[in-house]
Amino acid sequence: MNRTPAEATAGDGLQPPAVAVPTLRITEIFWSIQGESERAGLPTAFIRLTGCPLRCRYCDTSYAFSGGALLTLDAIVAKVRAFAAHYVCVTGGEPLAQPHCRELLRRLADAGLDVSLETSGALDLAGIDPRICKIVDIKTPGSGEVERNRGDLLPHLRGTDQIKFVLCDRADYDWAVARLREFDLARRCGVLFSPCHGWLPAPDLAAWILADRLPVRLQLQLHKILWGEARGR
Ligand code: SF4
């Protein structure tokens, strides 16, 4: 009996089931200088995933909350490879909010890339490939999202990972110092103290860190020094 192609695939068991191709919703993929973390200054390919369940008061990437385009993981890796990049940073939004993010991280590492992940402390860090450098943003009271910090982050952090505190004022600083000491964070991984752009003067934060002799790194957002608020930088 002759069948039309539609009949031949309509659940008669003769055709293999369609396999869903994993995709991610992407706001932008671009080539720039890494502006944050211990990798600041390195030429880096950035993959900015769309969407974030948080709403930090100072968010500078709200344009990534919605929109974007669906891309297959193959297409994303191909775009990054076209930059001939050595370093790649997966960021957002909140990249871990999309289920296939972990698979993308693994695929990028398999491709021989040196991969970092920028994530808030609000999502589960389990199951992330150990080759990935995690940069975890612990939300302070000034962010308006302090209640979202998970209590199970520390077991997932390794010496090559980094914890970042974006500080809005002196109260945030005091809160972060208390967390630093309570959990002995500097012995676990790198710790970054970053003044919130436009809220806390960097010289003030530098003076506090020096006065308290903290084992943390003062982080300025290098990309904003270079290019201001320009998007895709
Ligand atoms: S977690 Fe990051 S992307 Fe999400 S609202 Fe906060 S600053 Fe913006």
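Read-outs throughout are calculated quantities, based only on the coordinates presented, and are distinct from any laboratory measurement. None of the values given here were measured: they were computed from a predicted structure. Positions of Cβ are backbone-derived with ideal geometry, glycine not excepted, and every protein chain shown enters the neighbour counts.
Put a plus charge on the Cβ of each Lys and Arg, a minus charge on the Cβ of each Asp and Glu, and nothing anywhere else: the dipole of the chain about its Cα centre is then about 300 debye.
Under the criterion of Cα pairs below 8 Å and six or more residues apart, the relative contact order for the range 21-227 equals 18 percent. Give me the base-10 log of I(q)/I(0) for the range 86-186 at each q in 0.21 Å⁻¹, Debye formula, one uniform scatterer per Cα, rounded to two decimals. So the normalised log intensities are -1.10.
Sorted ascending by nearby beta carbons within 10 Å, beginning with the fewest, Ile29, Ile47 become Ile29, Ile47. Rounded to two decimals, what ratio of Rg to Rh does the chain give with C-alpha atoms and a Kirkwood Rh? Reported Rg/Rh (Cα atoms, Kirkwood Rh): 1.07. Maximal additional length on extending the Asp174-Phe30 stretch stands at 48.2 nm, based on 0.36 nm per residue less the C-alpha distance. Above 16 angstrom, tally the Cα pairs of the range 128-233 and express them as a % of all pairs, no decimals. That fraction is 60 percent.
Annotation: extensible slack from Ala82 through Arg231 equals 51.6 nm (criterion: 0.36 nm per residue apart, minus Cα-Cα distance).
Per residue and in cubic angstrom, what volume does the convex hull of the Cα atoms of the range 85-139 have?
Details: hull volume 4.0 nm³, N = 55.
Hull volume over Cα atoms, normalised by residue count, gives 73 Å³.
Its DSSP H runs of at least 4 residues, each contributing -39,500 (n - 2.57), put the calculated 222 nm mean residue ellipticity of the chain at -7000 deg cm²/dmol, to the nearest 500.
Placing a pseudo-label 7 Å from each Cα along the Cα-to-Cβ vector at Ser66 and Arg150 gives an inter-label distance of 2.7 nm. As a rough guide to protection, the peptides 218-228, 112-122 ranked by mean Cβ packing within 10 Å, highest first, stand as 112-122, 218-228.
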